[in-house]
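One structure below.
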Amino acid sequence: MNTTKKTILLVDDDQDYLYQMKTRVESFGFQTMLAESQKEAEALIESTKPDLAILDLMMENEDSGFILCYKMKKKYPGVPIIIATGVAAETGISFDINDENNRKWIRADRFLEKGIRSEKLKEEIYKLLKINS
Amino acid sequence: MSTLKILVIDDEPGIRSGISRILRNFRVDYPFMEEAFDFEVVEASTGEAGIENIEKDKPDILLLDNKLPGIQGIEVLEYVRKKQMNIIVVMITSYASLELAVKATSDGAYDFIPKPFTPQELKSSIENITKRVFLKKMTNKLQETGKQIRFQFLSVLSHELKAPLNSIEGYLQMIKERQAGPQLESYDYMVDRMLHRITGMRTLILDLLDLTKVESGKGKRDIKKIRLADVAHTAIDTMRPYSIQRDVRITLHGDENIYVMADSEELEIIFNNLISNAIKYNKDGGEVNCTLSDSGHCIEILVEDTGIGISTEDINRIFDDFVRIKNEKTKHITGSGLGLSIVKKLIDSYHGTIEVSSEPDQGSKFRVKLPIDAPCS
């Protein structure tokens, strides 16, 4: 793996989820930067470019994740984005990222369930960052 | 303006054109209806043509003669009933066939108009039907929005209940995998966070119980003459340990002898929520002032704090279900986001009002007004 540590931006309004993700992601050997709201994340990406971002969907707004995703892709088109959500299980709404129509406007690279196992998460991050495990 | 479609099935051209003429410029309008109704009349001379039209045009009202050349009126009625169509059927019958009218009514006809009828008779029958159509539309609409709100509530609720469980599960998983090493102390933070989330979840469940009471317990409401100061004291005493912990001083001002007709448990919910918020969102060493007053027809409860305040953009949302104002200052405060929505619902049920004014970093004021003689719904 690359010797310079890649930085992953984690955004979630649940501080415990954020802490747990931080611990997991750091255990994979990455650096993290954290934001607890859409607003905080927007301020953060003004000054820093992460190598990858994992965003919660519902924060201040129920589509905060999409808004952030849009703004990130505009500013840093090459940075891969994962939207982590528990929405599908709760409301029956599910977004199919492979659907051409959704892809056009959502622009996230992956949708992951929040309960995803560590190995799977690591695998997805590696894939998006094009790292060979 | 809404237009109701009326289909007239009658083999006598005179009756058909007569009805068309009478209803052409007829309008039904009541103060309680949001909009007036007018009518569009379509004619058919046989039952068969009528059924064709029913399928195509979906009329709201059907004026139906029984004696028709082909199939009889009663068979058309049967057709409408079997297909469970949402059409109000009125039979046009001669006085001689009263028996038929009775049968038609038991088969689902809404009304019958005896032949010959005057324009006034026709109009008053149509007027009644219109009222019924309107009420039906309203009920459907209310049920629809009710369902939607309930669905929204449940999906947010499941999110709110799942979040602490997920968080606790996450920490337990980390502990199980000994992710912080062999030292027990390394896990203190995680244990504290789990306990914190459990407290939050318990608050949510207690608030949900209050909410259930508010929304379903109307029959059990026990309205009595209550001394407001008694309820205020109880609430303040309940919150005492918390206020001591935060070093917040609570003072009760105003007339100790104000009475109001209300359910004491419900009043307690109002006081508890307002006072606990005033402590929760206060600064350490701050103050809470609760003032009771009486203006003749209503009583007023004013709860003022010296806390973090609420920004103007947030102030309009605070009475909604599950709204919690999230910012740097509220980050470590637990709450279900239901307290104020419960308070608002309760106050509404007494036809009272609640107003809030706030200055960020100076404090908030909640002013509740309740009518003295609770005209309860």
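Hey, any hits in region B:334-342 for a residue that's assigned to a loop (DSSP other than H, G, I, E, B), under 30 Å from the mean Cα position of the chain (by Cα), among the hydroxyl-bearing types (S, T, Y) and within 23 Å of B:V214 (Cα to Cα)?
The initial filter retains those residues of region B:334-342 that are assigned to a loop (DSSP other than H, G, I, E, B), namely B:334-338.
With the extra rule that they be under 30 Å from the mean Cα position of the chain (by Cα), the set shrinks to B:334-338.
From what's left, among the hydroxyl-bearing types (S, T, Y): B:334, B:336.
Subsequent filtering for residues that are within 23 Å of B:V214 (Cα to Cα) retains B:334, B:336.
For region B:334-342, residues assigned to a loop (DSSP other than H, G, I, E, B), under 30 Å from the mean Cα position of the chain (by Cα), among the hydroxyl-bearing types (S, T, Y) and within 23 Å of B:V214 (Cα to Cα): present.
Of the helices (runs of 4 or more DSSP H) lying entirely inside region A:19-102, those containing at least 3 residues that are modelled with pLDDT of 90 or more are A:38-47, A:64-75.
Among the conditions (1) in contact (Cβ under 8 Å) with a residue 60 or more places away in the chain; (2) within 14 Å of another protein chain (Cβ to nearest Cβ); (3) over 17 Å from the mean Cα position of the chain (by Cα), the only one that B:E304 does not satisfy is (2). Looking at B:L142, B:L135, B:L172, just one residue is more than 23 Å from B:I19 (Cβ to Cβ) and within 14 Å of chain A (Cβ to nearest Cβ), and that residue is B:L172.
May I ask you to list the residues in region B:280-298 that are on the phi < 0 side of the Ramachandran plot and either more than 33 Å from the chain's Cα centre (by Cα) or part of a loop (DSSP other than H, G, I, E, B) (or both)? Walk me through it before giving the result.
First pass over region B:280-298, keeping only residues on the phi < 0 side of the Ramachandran plot: B:280-284, B:286-295, B:297-298.
Listed by number, the residues that qualify are B:Y281, B:N282, B:K283, B:D284, B:G286, B:E287, B:S295, B:H297.
Of all residues in region B:18-36, those that are closer than 15 Å to B:L7 by Cα have Cβ atoms under 6 Å from Cβ atoms of residues that are surrounded by 12 or more Cβ atoms within 10 Å (Cβ to Cβ), 6 or more apart or on another chain, in B:I19/B:V8; B:S20/B:V41; B:I22/B:P119; B:I22/B:L122; B:L23/B:F39; B:L23/B:V41.
For region A:11-46, the set of residues classified as more than 10 Å from every other protein chain (Cβ to nearest Cβ), closer than 22 Å to A:E123 by Cβ and of a type in the set (G, A, S) consists of A:G29 only. Hey, any hits in region B:234-255 for a residue that's under 19 Å from B:K344 (Cα atoms) and either touching a residue at least 24 places away in the same chain (Cβ under 8 Å) or exposed (fewer than 14 other Cβ atoms within 10 Å of the Cβ) (or both)? Looking through region B:234-255, at least one residue is under 19 Å from B:K344 (Cα atoms) and either touching a residue at least 24 places away in the same chain (Cβ under 8 Å) or exposed (fewer than 14 other Cβ atoms within 10 Å of the Cβ) (or both). Among the residues of region B:307-333, what is the count of those that are more than 12 Å from chain A (Cβ to nearest Cβ), over 22 Å from the mean Cα position of the chain (by Cα) and assigned to a loop (DSSP other than H, G, I, E, B)? Of the residues in that region, 7 qualify.
The values are calculated or read from the model by the stated rules, or taken from the named source; none is laboratory data. Note that the structure is a prediction, hence the values are computed from the model and not measured. Note that we place each Cβ from the backbone using ideal geometry, even for glycine, and neighbour counts take in every protein chain shown.
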